[in-house]
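The values are calculated or read from the model by the stated rules, or taken from the named source; none is laboratory data. Being a predicted model, the structure only gives us computed values, none of them experimental. When we count neighbours, we look across all protein chains shown, and the Cβ atoms used for this are built from the backbone with ideal geometry, even at glycine. Protein only, heavy atoms only, side chains kept; ligands, DNA and RNA dropped before computing areas. Shrake-Rupley method; radii C 1.70, N 1.55, O 1.52, S 1.80 Å.
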Amino acid sequence: MSAAARRFGAYDLTVLLDGIFEAPKTVLSHAAGEDATRRLVDSWPGDKISIDVNCYLLTGPNGVTLIDAGTGDHWGPMLGKARAALAAAGVRPEQVDRVLLTHLHGDHALGLLDGDRAWLPRAEILIPERDLAFYGDPAVAETFPPARRGNFKTAADLARAYAGRVRTIAPGPVEGLPDIEAVPLPGHTPGQSGYRIGEGRDSLLIWADAIHLGDPQIEDPEVGLTYDLDPAQAVQSRRVLLEEAARHGWLVTGSHVSRTGRIEAGAGDRGWRFVED
Ligand SMILES: [Zn+2]
């Protein structure tokens, strides 16, 4: 999908590329166990994974909506470009009415913060209810080692910076936003939500981080990244997502998979395949 707006339901959608995220290929994992993980890592071309980081601008009923907000200036110079992309699309921060977060990870939510202040002066922040319940709970944070509490800090910083403007979002039709449905995709985080925009075959499902890598995970949903908090549940969500997308013929894309296409049943023992559209 190019940076030009494309229409889904009542909305014009523009992809805002925040940048490229890279990690050593040892973040790859396979649900079948250690041997399968080793084979996957050994056969991976190159020594790293390299994925796009996207967020989205929607203009339509009830004004300007973002889905996620990128990294802001929190993750270094290869990222944080979504703000310039938003400006290039002709939208100023004070014009943004609301942000639908897919989940409370830094590459999706930290862009909402300028230091520890709100980047968007008016916007409401809608967070999947199960993610806010999890990352907003200091008692849950205590169960993580200190080095892995960043997402809990993000939740607390957002609650402070956007005091009175944070709302939770439940699965199903999103109130006040016709043609947008929140689609639960738990596993990567407890409350991760995709968003489906539009109706029927013409709708676009943004699957957030249910699939990070594209083809390798579409062909084999047991392929994952160590960033999935509950790997077994993440596999299950991928299977349901691929099955539903294939059955309904929806268009699909992802926070880290910039291509837009449809899902079809794969040949032989392949799970599914991606057909660009
Ligand atoms: Zn992500």
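Before moving on, here are some points about what is shown:
- Restricting 132, 126 to those that are assigned to a strand (DSSP E or B) and touching a residue at least 12 places away in the same chain (Cβ under 8 Å) reduces the list to 126.
- With respect to the stated conditions, residue 231 is within 16 Å of the ligand (Cβ to nearest atom), over 16 Å from the mean Cα position of the chain (by Cα) and at pLDDT 95 or above.
- Output for the stretch 52-70, where each listed residue is touching a residue at least 40 places away in the same chain (Cβ under 8 Å) and either over 22 Å from residue 154 (Cα atoms) or away from the ligand (no atom under 16 Å from the Cβ) (or both): 57, 58, 59, 60, 61, 62, 65
- One residue from 106, 115, 76, 80 being at pLDDT below 95 and within 16 Å of the ligand (Cβ to nearest atom): 76
- At least 3 residues being open to solvent by less than 20 Å² (accessible area, probe 1.4 Å) is the threshold, and among the strands (runs of 3 or more DSSP E) wholly inside the stretch 1-95 those reaching it are 11-24, 48-60, 63-67.
- Residue in the stretch 146-163 that is under 25 Å from residue 196 (Cα atoms), in a helix (DSSP H, G or I) and open to solvent by 50 Å² or more (accessible area, probe 1.4 Å) present: no
- Among the candidates 260, 189, the residue that is surrounded by fewer than 22 Cβ atoms within 10 Å (Cβ to Cβ) and touching a Leu at 6+ places or on another chain (Cβ under 9 Å) is uniquely 260.
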